[in-house]
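Remarks on the structure that follows.
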Ligand code: SF4
Ligand code: SF4
């Protein structure tokens, strides 16, 4: 696969930003008070997606050397990458405005230039929320569609991959929002309720586990897909797959969240969130590394 | 520049590879490398080991100039496109080097040229064809195993081998409608 670590991070950060936005929107339904998770999720989203996009741009050939060429990326409506370019172009500013609309003022020196923007954002808060939600889900699905659209890698060419990436995006974004929300709450000496988040997160992670294995089962049907699956479950990628993705990223977090939901131990839940993040990043890497082409062309 | 056949119809190019005449000498690969200044470690055209593609014969392997090309579909900038004569080309000035086309090609026909910052692949020596010449590989082939067919020309003998089904594409099940056709012996 010609796409390397930059693209793995791009897919991961795009999903994380999307999931953090959705988490923030979910948190906003709890009541009129803007809680720490709501603010943390919204604030994380824009920078995370922007950083991922910067990595992608950095990985381009001529697009990096002659950046004005980037406008051509908006041209082919049949290409998932063009869809993604439009989605990200809209999502990054909307995510930043959404964050401005629900967070408090910055230190005066920084606040002065953004104040008028913030006032406009606050007025448009309702619209921004709807747009942020739609664009976040689009971003998360797009990261999977990018890989599943071409027919060249059977393991990737399944509609289950966008579903898997959507679930993983929601989950990693939730972890990032919850961890930073927790830190923020400690800083503000505010109350923090992890239990209800743990309950939602268990559902997400269990679904992800089911979809992950469904995806592998479907992928194993073809020759090249089977080779990819074999690489993941018993080949050279297996240690990372089982330890980091399956155990650290899915099973351990479920156990941690069950522990938290039952006895309220937040330390355990936070360790679980760290596992989700590591597992989500490793998943993107492994998906790229395990891509075995449909035709093993002549090797040099 | 001749883009019309004698009857006035548009050209419709295809490559016919007669594996029964190929001795696997790689003269075509070398000619391609020289003509197109292919960087070390990459290839536009090469001889695949006899096991690939289910054939016992050596296979000349290069871009298949698919009529339904995944690379064309996914290219966000439309830098990769299919000319009306069937040749799939890359417009260097429009390409951003995102490598999506390389990811999308099921035939593994593309490579990334780090120096140029864009992908590259066989273009059937389009410039030479436009000038009325044959591609470098076809010109060089010692066994006369290679020929450019023009499907728009009803009298073209090589096109007739395609129409009769004697020459067949590789992996048609992928649905990309390749324009490279192989004659495979018993
Ligand atoms: S063989 Fe690959 S590069 Fe050539 S036209 Fe088909 S998909 Fe594109
Ligand atoms: S690398 Fe260039 S030709 Fe290939 S898909 Fe990207 S923009 Fe198109």
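Gyration tensor over the Cα atoms of the range A:92-208: the corresponding equivalent ellipsoid has semi-axes (square roots of 5 times the eigenvalues, largest first) of 32, 21, 11 Å. Against chain A, whose longest principal axis is taken from its Cα atoms, helix A:36-59 shows a tilt of about 40°.
Only Cα pairs within less than 10 Å get springs; with that Gaussian network setup on chain A, which residue of A:115, A:256, A:20 has the largest fluctuation? Greatest mean-square fluctuation among the candidates belongs to A:115. Over chain A, all Cα pairs binned in 20 Å intervals from 0 give whole-percent P(r) values of 33, 56, 11, 0, listed from short to long.
For A:244, A:71, A:276, A:183, what ranking results if the residue with the fewest other Cβ atoms within 10 Å of its Cβ goes first?
A:71, A:183, A:244, A:276
Taking the convex hull of the alpha carbon positions in the range A:103-143 and averaging its projected area over all directions gives 3.7 nm². Computed over chain A with a Gaussian network model linking Cα atoms closer than 10 Å, the most mobile of A:99, A:290, A:176 is A:290.
Dimensions of the range B:13-183 along the principal axes, based on C-alpha atoms and rounded to the nearest Å, stand at 40, 34, 32, largest first. The angle between the Cα long axis of helix A:125-148 and the longest principal axis of the Cα atoms of chain A comes to about 10 degrees, rounded to the nearest 10.
Note on chain A: GNM, Cα springs under 10 Å; of A:197, A:110, A:83, the largest mean-square fluctuation is that of A:110. Under conditions of 25 °C and 0.890 mPa s, the range A:1-104 yields 167 µm² s⁻¹ as its translational diffusion coefficient, taking Rh as the Kirkwood radius over Cα pairs in the Stokes-Einstein equation. If you wrap the range A:148-300 in the convex hull of its Cα atoms and look at it from every side, the mean projected area works out to 9.9 nm². Cβ crowding within 10 Å ranks B:162, B:23, A:7, A:251 as B:23, A:251, B:162, A:7, fewest other Cβ atoms first. For chain A, the longest principal axis of the C-alpha atoms and the axis of helix A:108-123 are separated by about 80°.
Bear in mind these aren't lab numbers, they're just calculated from the coordinates by the rules spelled out. Please read all numbers here as calculations on a predicted model, not as lab measurements. Glycine also receives a Cβ, built like all others from the backbone with ideal geometry; neighbour counts cover every protein chain displayed.
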